[in-house]
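Student: Pasting a structure below so you can have a look.
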Amino acid sequence: MPARLPSWAWVTGLTVGAIAAVTVLGVQADRGSHPTAASAKPSSTASAQPTPTASVPARVPDGSGTGRRVVYAIGEKRVWLVDASEGTRRTFTVWPGSVSPDPGTYTVSSRNAATTGSDGVQIEHIMYFAAKDGVSVAFSNAVDGASPPPAASGTKTGGVRMRKADGTALWSFGTVGTTVTVVK
């Protein structure tokens, strides 16, 4: 007759099994495809620069300042991370909210690791740098990696959303006090 296990052993075994199952599912979900809203992709126009590649990065806009900074071009829907030697460390397209800051120089005033955006989307890597018409303007990315849906008509949103990998890179680059230059 097999030995009977104490009840705590059963609970421990079930807990370990559940943790293992959740871990496996989490890894599978992270490797899977991430949803995007087809209608919310940044538009490509004749004046937009091509998506950067390793051999031809998009050029930082003239008049965007000097030194280590984040450059946000409203018209191009693009951000550059520029290091102290004027080298572009990364550039990527973004999805701006309905409220854009005026062109000028700002600084990252605060950061928030995660919250819910004004559109109800779970977001992370929030970096506040401006305000306009009573709306805070901040860079962020959706936790689930999805691109944002278009804002409802009349809704004022100041989130400048980006892909998850770009949000992670910006979060690492832009500490409180980092210069943000906004150009047209």
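Just so you know, all these numbers are worked out from the coordinates, no wet-lab data involved. Worth saying up front: this structure is predicted, and the values here are computed from it rather than measured. Glycine gets a Cβ as well: all are built from the backbone with ideal geometry, and neighbour counts include every protein chain shown.
Student: Check Ile123: other-chain or 5+ apart residues with amide H under 5 Å from its amide H, H built from backbone geometry?
Tutor: Thr115, Thr116, Gly117, Val143
Student: Given a Förster distance of 35 angstrom, what is the FRET efficiency for Asp83 paired with Gln122, based on the Cβ-Cβ distance and rounded to 0.05?
Tutor: Between Asp83 and Gln122 the formula returns 0.70.
Student: What residues qualify as long-range amide H neighbours of Arg90, i.e. H under 5 Å apart, gap of 5 or more or another chain, H built at 1.01 Å from N?
Tutor: Excluding prolines and chain starts, which carry no amide H, the hits are Leu81.
Student: Lys and Arg at +1, Asp and Glu at -1: add these up for the other residues within a Cβ distance under 9 Å of Phe92 and post the number.
Tutor: +2
Student: Once amide H atoms are placed 1.01 Å from N in the peptide plane, what residues at a sequence separation of 5 or more from Ala58, or on another chain, have their amide H within under 5 Å of its amide H?
Tutor: Thr53
Student: Per residue of the range 119-135, in order, report the coupling 6.51 cos²θ - 1.76 cosθ + 1.60 (Karplus, θ = phi - 60°) as ³J(HN,Hα) in whole Hz, putting x for Gly and Pro.
Tutor: The phi angles translate into 8, x, 8, 5, 10, 9, 6, 7, 10, 7, 9, 7, 8, 8, 6, x, 10 Hz.
Student: Under a Cβ-Cβ cut-off of 14 Å, what is the net charge of the residues other than Asp133 that fall near it, where Lys and Arg count +1 and Asp and Glu count -1?
Tutor: Neighbour charge sum, excluding Asp133 itself: +1.
Student: Shifting gears a bit: In Å, what Rg and Dmax follow from the Cα atoms of the range 90-184?
Tutor: Radius of gyration, then largest Cα-Cα span, for the range 90-184: 12.2, 34 Å.
Student: Could you tell me the relative contact order of the range 111-182? Use alpha-carbon pairs under 8 Å, at least six residues apart, and round to a whole percent.
Tutor: 27 percent
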